[in-house]
Each structure stands twice: as structure tokens, then as C-alpha cells.
Amino acid sequence: MARGNISTVLTERLGCEAPIIQTAMGWVAEPSLVIGSVDAGAFGFLGAAVMTPDEAREKILQVRRGTDRAFGVNFHMFQPGAEQIVDLILANKEQIRAVSFGRGPDAKMIGRFKDAGILCIPTVGALKHAQKMEQLGVDMVNVQGGEGGGHTGSVPTTVLLPQVLDTVKVPVIASGGFSDGRGLAAALSFGAVGIAMGTRFLLTAESPVPDTTKAAYLKAGTDQIVVTTKLDGIPQRMIRTPLMDKIEKSGPLAMWVRALETAMIMKRQTGASLGDLIKSAKGMTAHGDQPLKQALMAATMPTLIQKAVVHGDIVEGVMATGVVGGRIQEIPTCAELVDRIMSEALARMDAVAALRP
């Protein structure tokens, strides 16, 4: 249970004690991490965007068996089986308090969630996307600055966050570069209602990531964290490894080969037909204006991440990370992490208040 008390719109509407969100990292935001984060007082999202409907059904059940606290589910409308996953979320509305997503749901779908009492909290990386999501009727927006891991933008959190806060009327959550109580205090001072963290929760005891991979994350300094466009044509922040160096040097033909190879791996793992994968890729293309090659690679990228974060293969896999990963040095439990963040945040807020004459 988080120490201290910081009440915001986020804690009030999501029903958690701490204004902290554990983000829905593919292959990482599994039941163990969601249960650990919500029991610690934060709000956790299950990463269903890389799951089949059957997997999502079982893992939602696992979370519900492991805790009676509210939690969230992340999905994308362009993933195979998306409609069934939406139905699963709605069928579990008594404990699923929110959904998160990037591109995907339209106003009608968002209305279905809202009618069920489920909050819609998309992640955005640009002002125009925050404005669009507000127009569609979402409840809050999670603003991820360029420091964030995985797919990322170019505008730093300290610039993007106030830009969005000055423009939209819905509550804003800050992400990209946060890992401690000083960051939470800063985000609240900006006007955000809380923070969202991915990399920091990846490096906790409850995270299902193998110890070998966690050790590689801890070893990487900020100078070993890079942004690449060679994985799927969209900027992604990753830990630099020999594989990443090889990918950076690859040409267009190699990118096509890698896209097709990972597509076949994903086809075997998910049971989706090649047509389903192409449909998924075209869905991404339609929303993100990507060439089909890049969209296909984006649709199959989780397989490369899975190698590292599920199988512990840091040679053939890739490791998404925020820049903040370069300063994380230890693996606490979720409870230890949330307690520490809350204590630090309250101490910083008290220190700032003491500066007043």
C-alpha cells in the first residue's frame, strides 16, 4: 500500500491510491506485474495488444483471480481478434476500469466503453493526437514525451506536456522519463494528474522478464540507448546491442526479409492467417500513413521483443526502453517502488512549499 496521500482526478476515477500508472508493455505487462502494481496502490494495464482473444481471456481471468482491485487493459483495433477482445473487456467491466490504446477506436467504440463505465485513456506523442482523442470523447490522455521507450516522438516531455495541458480540457497524465518521486512531483507541478511508467515497472520483482534480460537493462547506460527507424520505419527507442547495430546497417531488402520472417513467426505463434496479418498491417498503414513494408514490420515487431523479454535471448531479441532506463540500478518489488515514489514526491512537494516566504 502506498504511503502518504496524493489525491488527483486519476486516483479518484481509477480507484487507486497512488497517481501512478503501470503501462501496457507487450509481453511484460502480464498478470504478475498487473497484480503487483495494483496491489501496491498504482493502476496497472494488462498488455493485451500482443495477445490472441483466448490468451486475453485467460490472462484477464488470472488478474481477477489474483486481485480484487480494478485494473486496465490495453489493445489495438488493428490487431487480429480485436473485436473479441473488446467484447471480453466489456464482459469484465465490473473490474476492468479503463482501456488504453494508441491508434484504433473511433467515437462509436469509445462510446461503447463509456456506456459500460470503462474509462478511455489513449497514449499520445503529439499535440495533434491529443486534440484528436479529445474530440473523439476520451476521458484522459497519457502524454508520452520523446524520452519514452519503444515508439517515440521527437518532442521532450518538458515541452510536450505543457503544450498539451494548455490545449486540451481532459485530464492529462505524463509519461516519458519518469521513475521516481521527484518526477511525480514535477509532473503534478506542471498540472498533470499523475505519471505513467513502463521501463521502471519492467525492472521490478513482479515483472515476468527473465533475470538475464533484466541484467542487460541494468547494465545499459544512457549512452547505450538509441533511437532507430530500421525496425519498422518509425522511430523507436532501444538499447544498443550487436543485433541493433546490424539492423542499423541493413538496407531496404534486408528490412523486407526481416518483415517476412517475423510475419511467419507471428503467424505460427498466434494462429492468424497471412491475410489477417496483411489486414492488420493495412490497418496500421491507414492510421499511420506507413508503407506496407513498414506496417507489416510493425505488426510483427512483438516477436523480436518477445525473444528478449520472454525467452531471455538478448542476442537475437531487441529491448525497448525509455532513456530513464540508463539511470535505473536495482530491482525493487512493486510495493517498494510505489511506496518510495510516494514518499519522495511528498518530500519534494513539502520542500517546495517551504520555499514560500
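Given a 1.4 Å probe and the protein chains as shown, ARG340 ends up with an accessible area of around 90 Å².
Over 20 Å between C-alpha atoms is what I'm after, so list which of LYS59/LYS214; LYS219/LYS307; LYS214/LYS246; LYS59/LYS93 land there. The pairs that break the limit, which is 20 Å between Cα atoms, are LYS59/LYS214; LYS214/LYS246. Each residue was assigned an accessible area with a 1.4 Å probe, and for HIS311 the value is about 120 Å².
Sorting LYS214, LYS246 by accessible area puts them as LYS246, LYS214; the probe is 1.4 Å, largest comes first, and only protein heavy atoms count. Largest accessible area first, the residues LEU355, LEU90, LEU61, LEU46 order themselves as LEU355, LEU61, LEU90, LEU46 under a 1.4 Å probe with ligands, DNA and RNA left out. Rounded to the nearest 10 square angstrom, THR11 shows an accessible area of 10 square angstrom against a 1.4 Å probe. Counting only residues at least eight positions apart within a chain, or on another chain, the aspartates and glutamates with an alpha carbon under 20 Å from that of LYS169 are GLU12, ASP106, GLU134, ASP139. Using R0 = 41 Å, the C-beta based FRET efficiency linking GLN95 and LEU127 works out to 0.75.
Once you treat every alpha carbon in segment 96-247 as an equal point and sum by Debye, what is log10 I(q)/I(0) at q = 0.09, 0.11, 0.14, 0.20 Å⁻¹? Values, matching the q order: -0.33, -0.48, -0.77, -1.28. Dividing the radius of gyration of the alpha carbons in segment 132-200 by their Kirkwood radius gives 0.94 for Rg/Rh. Within straight-line reach of LYS230, meaning a Cα separation under 14 Å, sit the following aspartates and glutamates at least 8 residues removed in sequence or on another chain: ASP245, GLU248. Across the protein chains, with a 1.4 Å probe defining accessible surface, the residues LEU165, LEU88 rank LEU165, LEU88 from largest area downward. For segment 1-150, treating each Cα as an identical point scatterer without solvent, what Debye log10 I(q)/I(0) comes out at q = 0.19 1/Å? Rounded to two decimals, the profile gives -1.20.
If the chain linking GLN62 and ASP313 were pulled fully straight, counting 0.36 nm for each residue of separation and taking away their Cα-Cα distance, it would gain 87.8 nm.
The values are calculated or read from the model by the stated rules, or taken from the named source; none is laboratory data. These numbers come from a predicted model, not from an experiment. Because the Cβ atoms are built from the backbone with ideal geometry, glycine has one as well, and the counts that use them run over all protein chains shown. To get the accessible areas, we keep the full protein, side chains included, count just its heavy atoms, and leave off ligands, DNA and RNA. Shrake-Rupley method; radii C 1.70, N 1.55, O 1.52, S 1.80 Å.
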